[in-house]
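First the structure, in the form of structure tokens, and then the observations on it.
Quick note: the coordinates plus some simple rules give every number you see, no bench work behind them. Just so it is clear, the structure is predicted and the values come from calculations on it, not from any experiment. Here the Cβ is made from the backbone with ideal geometry for all residues, glycine too, and neighbour counts use every protein chain on show.
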Amino acid sequence: MEEEFKFIRGKLMPMFYHLLYPRQTVLVVGATKEKSNLSAVAWITPVSAKPPLLVISLNKNSTTLDLICTSMEFVVAIVGEKMKDAVLLCGTTSGKYIDKFSEAKLAQVKAKQVSVPLVLEAAANIECKVLNYSTAGDHVIVTGEVLEVHEKKNGKEPVLFTKGKKKLFGLAVD
Ligand SMILES: Cc1cc2nc3c(=O)[nH]c(=O)nc-3n(C[C@H](O)[C@H](O)[C@H](O)COP(=O)(O)O)c2cc1C
């Protein structure tokens with residue numbers, strides 16, 4: 001996701017998506033009975049209010065994607081500025097090699113409607129069930145139906161955004 005230029009159909013092109021930053025960055029949790037994992041995700045957007053739907057776009061090689069397609073559930077953790085280091089770790093290392101919850105010092109909390117854990121330290125957690133997924137080039141677009149929302153009422157920490165290229169910053173939102 002981070003290269004600035006790529007050969008596309010024989011032509012060296014600047015990556016268009018840099019024009020679409022900054023973007024809010026979240027942690028997406030995928031889990032089966034055997035394993036829980038997190039990935040940093042900036043390619044996320046709501047797409048429907050009724051029913052409540054959001055989409056995430058995950059690289060085909062993502063371990064989180066594998067877990068999501070197995071359990072057909074996932075959690076979106078809305079993260080604040082304080083979780084910057086944890087997000088960088090979850091966005092630069094594959095869950096194939098490490099236990100990201102433990103390495104990033106994040107705690108798991110039981111969710112209400114899905115078997116995937118919530119992230120205790122997150123400002124909010126959104127429980128989703130997978131409605132469908134489809135390939136889009138080198139990524140897979142997962143549509144999730146929102147089943148439950150957990151939001152911390154105390155404090156308004158700046159929300160984490162990325163400018164691309166692993167540059168993260170907090171932005172205060174009311
Ligand atoms: C700020 C930031 C945003 C990212 N956004 C996405 C994204 O939207 N989709 C994606 O597939 N990967 C994204 N990545 C890269 C993944 O988080 C990274 O490849 C991660 O290692 C995947 O972990 P996994 O294999 O354990 O799922 C992002 C990385 C960073 C640092």
In segment 23-171, taking the dipole from +1 charges on Lys and Arg beta carbons and -1 charges on Asp and Glu beta carbons about the Cα centre, the listed residue (42, 59, 162) farthest towards the positive end is 162
Cβ charges +1 (Lys, Arg) and -1 (Asp, Glu), total dipole of the chain, debye: 240
In nm, the gap between the two label points placed 7 Å beyond Cα toward Cβ at residue 167 and residue 16 is 2.2
With a sphere of radius 12 Å drawn around the Cβ of residue 57, what net charge do the other residues whose Cβ falls strictly inside it have (Lys, Arg +1; Asp, Glu -1)? +1
Environment charge of residue 36, counting only residues whose C-beta is closer than 13 Å and scoring Lys/Arg +1, Asp/Glu -1: -1
What does the charge add up to near residue 124, with Lys and Arg as +1, Asp and Glu as -1, over the other residues with Cβ less than 15 Å from its Cβ? -2
Hey, what's the Kirkwood Rh for segment 23-171 if you take every pair of different alpha carbons, in angstrom? 15.1
Within 10 Å of each residue's Cβ, count the other Cβ atoms and sort 66, 138 from fewest upward. 138, 66
